[in-house]
1. Work out the length of the dipole vector of chain B about its Cα centre, built from +1 on the beta-carbon of each Lys and Arg and -1 on the beta-carbon of each Asp and Glu, and round it to the nearest 20 debye.
2. Select from B:ALA29, B:ALA92, B:ALA65 the residue whose mean-square fluctuation is largest in a Gaussian network model of chain B (Cα-Cα springs shorter than 10 Å).
3. I'd like the accessible area for A:THR20, computed on protein heavy atoms only with a 1.4 Å probe and all protein chains in place. Round to 10 Å², please.
4. Could you pull the accessible area for B:LYS78 with a 1.4 Å probe, rounded to 10 Å²?
5. Report the local net charge at B:LEU19: Lys and Arg +1, Asp and Glu -1, summed over other residues whose C-beta lies under 12 Å from its C-beta.
6. Could you name the lysines whose alpha carbon sits less than 18 Å from that of B:LYS78, not counting residues in the same chain fewer than 8 places away?
7. For a label point 7 Å from the Cα of A:ARG18 along Cα→C-beta, name the residues of region A:80-94 whose backbone N is under 14 Å from it.
8. Count, for each residue of A:27-40, the Cβ atoms from other chains sitting within 10 Å of its Cβ, then give me the mean as a whole number.
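The values are calculated or read from the model by the stated rules, or taken from the named source; none is laboratory data. Bear in mind the structure is a predicted one, so any value in this text is a computation, not a measurement. Neighbour counts are summed over all protein chains in view; Cβ atoms, including those assigned to glycine, are modelled from backbone coordinates with ideal geometry. With ligands, DNA and RNA removed, areas are computed over all heavy atoms of the protein, side chains included. Shrake-Rupley method; radii C 1.70, N 1.55, O 1.52, S 1.80 Å.
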Amino acid sequence: DSGVTQTPKHLITATGQRVTLRCSPRSGDLSVYWYQQSLDQGLQFLIQYYNGEERAKGNILERFSAQQFPDLHSELNLSSLELGDSALYFCASSLRSHQETQYFGPGTRLLVL
Amino acid sequence: AQSVTQPDIHITVSEGASLELRCNYSYGATPYLFWYVQSPGQGLQLLLKYFSGDTLVQGIKGFEAEFKRSQSSFNLRKPSVHWSDAAEYFCAVGGYSGGYNKLIFGAGTRLAVHP
């Protein structure tokens, strides 16, 4: 158990819908990262937050957004969902923002029908 | 550009045999290197990491990896594989770039273990 929690574990929804994935980092960690794992793209970095502020963006679509709240939990919002958004979404956390080990949560499996 | 290559998509070994999973990276500065393992339906568990110092690093579950700068490699090894080691293994490179700590993953190597 890494100490990173993600909810829900599974999510099934329809195209065009909007969902919110939630992540709670390890106690004391200030950085939260979101990754997407899909069969065709592999594991890809989406976005990082550090202590409530967006720190970096990776291959994140404009339909996707995230935020980190004062209690340091984070939410990833996916809107106007398409079939291709079906994937495993991981959250990771680290103590600070750089030169750090990232610890991963169990992931949320999203299926868009 | 930063990248990680895991040349072997699938590897099958017999239980008790030795294992080596290959990883090559491309990174302009000093890399931070990681191996993660993902069991079916599970998240990513950190096996070991290299930041600096001794180039042979020990990890959990009896795994070790050796950083070879001249070969841009960070291969994962285990002297005797157990059936419970069947999983997918990911090599990742990270570094401080532009103020953030992004991990770039390889495509993964799926390990099957025969009894």
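1. I would put it at about 240 debye.
2. B:ALA29
3. 60
4. Here the accessible area works out near 20 Å².
5. -1
6. Once the sequence-local lysines are set aside, what remains near B:LYS78 is B:LYS49, B:LYS61, B:LYS68.
7. A:80-81
8. Values: counts 0, 0, 0, 0, 2, 0, 4, 0, 4, 0, 6, 0, 0, 0.
Per residue, the number of nearby Cβ atoms from other chains is 1 on average.
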